Each structure stands twice: as C-alpha cells, then as structure tokens.
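Please read the structure below before turning to the comments.
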Amino acid sequence: MIKDGDRVLFYGEDETKFLAKVESGQKKGTHLGVIDFDQIIGKDYGDVITIGKNQKSYYLLQPTYIDDVFSMKRKTQIIYPKDSSYILMKLDIKPGIRVIDTGVGSGAMCAGMARLVGDRGKVYAYERREDFYELAKSNLTLWGLADRVELKLKDISLGFDHSNVDAVLLDVPDPENYISQCWEALAGGGRLGIICPTTNQVSAVLERIYEHPFVEVQVWESMMRQYKPYPNRLRPYDRMVAHTTFMVFARKVKGFAEIIEKSEEDIEEKKETKEIKENVER
C-alpha cells in the first residue's frame, strides 16, 4: 500500500513517466491533468488512477533502479545501465563483500553496488569534489542505501584507507595513475574494473596494468539495441545508444609467474612425440 512519503513512478497512458514523492495535502500538475496525492495514499502499486476533465490515466508503479538512475539529480555523466550491469557481474558484486568505488560523482554506480552487497557488505566510496560528495550522499539517502556506503571526501592520489577488499572500480579522469594503489588495496584474486572513455586512455591503462601482477586482463565495450514492442510490426527503434565507454578488467595475483623459455630442441621433441602418437592412433 502506498503511504505518505513513498516514491511512486507515474506511468501515463501516453507512455510518458515521472517519479514523485507522495506528500499528503500536495498536488502535482502534469500535461494530462492535476494529480491529488491524497487520492494516491492508500492505493496499491499497480493500481490505475484517472485525473482531469478528460479522465486521463496514470499507472502507479514502484520505481526500479533504472528509473532512479535516469531521473536522479546529477552533475556528472553517469555509467549507462547497459555498462553498469556488466561491471557489477564482472566485479562479482554480491552480498557480504567489500568494494571500493572511486570517482563517485552523483552516486549511480555506487547505488548499484550498495543494492547488491546487502546489509553485511560495504561500499567504500571515494570522491574528491565536495559538491559531488554532497550530491551522492543526498541520492543514496533518498534511495535508502546510505547505511551500506562509507562515503569519503578524499583524493585517491593520497591512497586508499581500506585494504584487502574484494573489488575496486576506478572511474576517474586519469586511471592509469592509480593502478598501483588499486593493486595494494585489493585482496589476492580481487577484481579490478576501470572506466575509460577513449582508446588512447585504454592503452595507457594497459601499459600500467602489465607493470603489476594482474591476470585475466580484458577490454570490453557493450552495445544494446531496443525493439519496438508491436507484435505485428516488430522492428528496432530508428536510433540506438551504441558505444558509451570502454571497460577494462583484471584480477590481482601475488606475483609474476616465472616464465620458462623452451629451447628449440624441446619444441622439436614435443612435435615428434605428437606425430608418433597420431600415427599410432591411425
């Protein structure tokens, strides 16, 4: 049941939508008519209301994470859900783990992590700009996730206050300069994710990564295309959001493996053994 102070996603009959906090005694004007919040209190999510002289309809829905992200107050570019979902999977964000988020910005990615670490886990979020710090704090509080996040106003060039964490997400303008700090903060086998807007930045990051004991180094970008949901004329939308960012992933190990160079004689011996085995099998 919807109560005073609850947040509701109003989904109009014309497929427009907006988020609003229901407050007793208040009203909200929309292009379909005026919504009286007193008439919303006591209804259930999924109900439909009609408003205005023309009896236009709105469906009452619970906001999802994506609804929150696209309607949030922000001062920075956010990580798109098509990328953030893959990052959360690659970093294996799950209940009970400890993860560092750097360059918090408006808090969208931090919120995604906080939702998954649960009450037993923790997100250590670093932001160097006070205005971004305050905005992220406000958004996390609005979403009911602030208790799962330790938000720090600190430049990561001074190092991290936390160590032996399970994962680190590096989303700063010059990530190549902080690979050492990430390696130090991670537990053995810990996952590192890095956001890079450009290919030359990816190259700079890779050079620094290979100076440290990391394995399973990967570079990804994600592309996703939506279709028009009409059974009799199913086709893609005319426009799509294609490239949005590059994602670099790696895992920490305790040291470099010793590489044993094989002599040409050893290689030839292996080839002969393989040929003999193949002949016998024939």
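The values are calculated or read from the model by the stated rules, or taken from the named source; none is laboratory data. The structure displayed is predicted, hence computed values, not measured ones. Backbone-built Cβ (ideal geometry, glycine too); neighbour counts: all protein chains shown. Accessible surface areas use protein heavy atoms only, side chains included; no ligands, DNA or RNA. Shrake-Rupley method; radii C 1.70, N 1.55, O 1.52, S 1.80 Å.
Laid out as a table, the results:
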| item | result |
| --- | --- |
| D_trans [Stokes-Einstein, Kirkwood Rh over alpha-carbon pairs] for region 1-121, 37 °C, 0.692 mPa s, µm² s⁻¹ | 201 µm²/s |
| Area of residue 184 that stays accessible when all protein chains are in place (1.4 Å probe, Å², to 10) | 120 Å² |
| Per-selection metrics, region 47-114 (Cα): Rg and Dmax in Å | 16.8, 53 |
| Student exercise, region 29-144 dipole from Lys, Arg, Asp, Glu Cβ charges, in Debye to nearest 20 | 320 debye |
| Dipole of region 97-209, positive end: most advanced residue of 189, 116, 132 [Cβ charges, Cα centre] | 116 |
| Charge dipole of region 59-187 about the Cα centre (unit charges at C-beta), most positive-ward option of 179, 162, 81 | 81 |
| Within region 59-103, backbone nitrogen closer than 13 Å to the virtual label 7 Å beyond the Cα of residue 45 toward Cβ | 60-68 |
| Antiparallel content of DSSP bridges confined to region 125-246, in %, to 5 | 25 percent |
| Rh by Kirkwood over Cα pairs, then Stokes-Einstein D for region 10-73 at 1.002 mPa s and 20 °C, µm²/s | 174 µm²/s |
| Charge dipole magnitude, Cβ of K and R +1, D and E -1 - the chain, Cα centre, debye nearest 20 | 1340 debye |
| 1.4 Å probe accessible area per residue over the chain, in Å² | 60 Å² |
| Top of 118, 33, 96 by mean-square fluctuation, Gaussian network on the chain, Cα under 10 Å | 33 |
| Gain in span if fully extended, residue 94 to residue 31, counting 0.36 nm per residue against the direct Cα distance | 18.6 nm |
| Relative contact order (%) - region 11-125, alpha-carbon pairs under 8 angstrom, separation at least six | 19 percent |
| Label zone at residue 198 (point 7 Å along Cα-to-Cβ), backbone N below 17 Å, region 223-246 | 244-246 |
| For the chain, fraction of C-alpha pairs farther apart than 33 Å, in % | 41 percent |
| Cα-Cα pairs of region 59-204 separated by more than 28 Å (percent) | 12 percent |
| Whole-percent carbon and sulfur share, accessible surface of the chain, 1.4 Å | 48 percent |
| Top positive-direction residue, dipole computed over region 1-155 with Cβ charges, set 103, 5, 20 | 103 |
| Sequence ranges 80-90, 120-130, 17-27, ranked by mean other-Cβ count within 10 angstrom, highest first | 120-130, 80-90, 17-27 |
| Simple spin-label estimate for residue 207 and residue 3 in nanometres, 7 Å along Cα-Cβ | 5.7 nm |
| Mean Cα-pair separation over length for the chain, i.e. relative contact order, pairs under 8 Å, 6 or more apart, % | 12 percent |
